[in-house]
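A.B. asks: The following block contains the structure, expressed as structure tokens.
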Amino acid sequence: MAGVLVFLLAGEVIGRIGLVDRSYLPPSSAVLLRIGDLLTNGGFLQDVGFTMKAWAVGLLIAILIAVPSGLVLGSLPWVNSAVRVLIEFLRPIPAVALIPLVILMVAEQSKIEQILAAYAALWPILINTIYAVGDVDPVPREMARSFGLGRLVILTRIALPSVAPFVATGIRVASSIALIVTISTELIAGGGEHGIGIFVLSASAVAGNADVVFAAAAIAGLLGYLIDLGMRYLERRMFRWHFERLGRTA
């Protein structure tokens, strides 16, 4: 909190003394007032809702693909080896670099954002799940096999509970990435009617609107912070035993 206060104070001082033109860098107080205005603006709240819906759908798609795929790849080394090159080839490609390709395939703005958010969020969840399955204690697995339990039962009853906290961490990291990509896609692709990125793009085209642009950007950052905070809370509530074992209290 102290860091935020120092940052705001620095922005206020720089804006007030005219070190930077206020049309480019307004004082923090002006931005804070504009944040209050936006949070009571029905049109802007509709943009926020549109962005959050695209973010949520994209993240859900990523989870539904990455978790089962990670469980399979982590438990079947020969499958992992077969597709490893493909994963390492696709993973470094920035989601925003695929915007032109996705636009050619999909015309609807929300679907473009959902696809790219899902693509970007897929990798942290997938990689975390693969490595978590590989690190599962082999003793319980071998004991289950000795009792004649099948691979599916071992995966769901033994591997999955051990893997779940690491999957949750991957989802938390992916949630922030998905939000960044969703807003970035709105900014870069444009063409839509709603979304935080579309709002920022429209506001930046009007002279003297720097406070509006900064306020919208600050709200986007606040959303990311609240999402991360909520994810951390859920992690600690759902996997209290995991954090206690690591010597951390919930």
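The values are calculated or read from the model by the stated rules, or taken from the named source; none is laboratory data. All values reported here derive from a predicted model rather than from experimental measurement. Cβ placement follows ideal geometry from the backbone for every residue including glycine, while neighbour counts extend to all protein chains displayed. Quick note on the areas: whole protein, heavy atoms, side chains included, nothing else; ligands and nucleic acids left out. Shrake-Rupley method; radii C 1.70, N 1.55, O 1.52, S 1.80 Å.
A.B. asks: Taking a point 7 angstrom from the Cα of GLU193 along the C-beta vector, which residues in the range 23-67 have backbone N less than 18 Å away?
C.D. replies: Residues passing the 18 Å test: 42-54.
A.B. asks: May I pose another question? With a cap of 11 neighbouring Cβ atoms within 10 Å, and only residues DSSP puts in a loop, list the trypsin sites (Lys or Arg not before Pro) found in the range 1-95.
C.D. replies: Passing sites in the range 1-95 do not exist.
A.B. asks: Within 10 Å, at most 15 other Cβ atoms, and a DSSP state outside H, G, I, E, B define an exposed site. Report the longest part of the chain free of exposed GluC sites (Glu not before Pro).
C.D. replies: Between the exposed loop sites, the longest stretch runs 1-107.
A.B. asks: Once you charge only the Cβ atoms, +1 for Lys and Arg and -1 for Asp and Glu, what is the size of the charge dipole of the chain about its Cα centre, to the nearest 20 debye?
C.D. replies: 900 debye
A.B. asks: Moving on. With unit charges on the beta carbons (Lys and Arg positive, Asp and Glu negative) and the dipole taken about the Cα centre of the chain, which residue among VAL212, LEU101, VAL173 sits farthest to the positive side?
C.D. replies: In the chain, that residue is VAL173.
A.B. asks: Taking 22 Å as R0, compute the FRET efficiency from the Cβ-Cβ separation of ALA207 and MET1 and round it to 0.05.
C.D. replies: For R0 = 22 Å, the calculated efficiency reads 0.05.
A.B. asks: Please return the longest stretch of the chain lacking exposed loop sites, where chymotrypsin sites (Phe, Trp or Tyr not before Pro) count only if DSSP places them in a loop and at most 12 other Cβ atoms lie within 10 Å.
C.D. replies: With chymotrypsin sites (Phe, Trp or Tyr not before Pro) excluded where exposed in loops, the chain gives 25-146 as its longest stretch.
A.B. asks: Also, quick follow-up: Would you calculate, for the chain, the mean residue ellipticity at 222 nm contributed by helices, counting each DSSP H stretch of 4 or more residues as -39,500 (n - 2.57) and dividing by all residues, to the nearest 500?
C.D. replies: -26000 deg cm²/dmol
A.B. asks: Moving on. Could you tell me what percent of the accessible area of the chain is made up of carbon and sulfur, with a 1.4 Å probe and every protein chain present?
C.D. replies: 70 percent
A.B. asks: ILE14 to LEU90: extension gain in nm, 0.36 nm per residue of separation minus the Cα-Cα distance?
C.D. replies: Result for the pair: 23.0 nm of gain on full extension.
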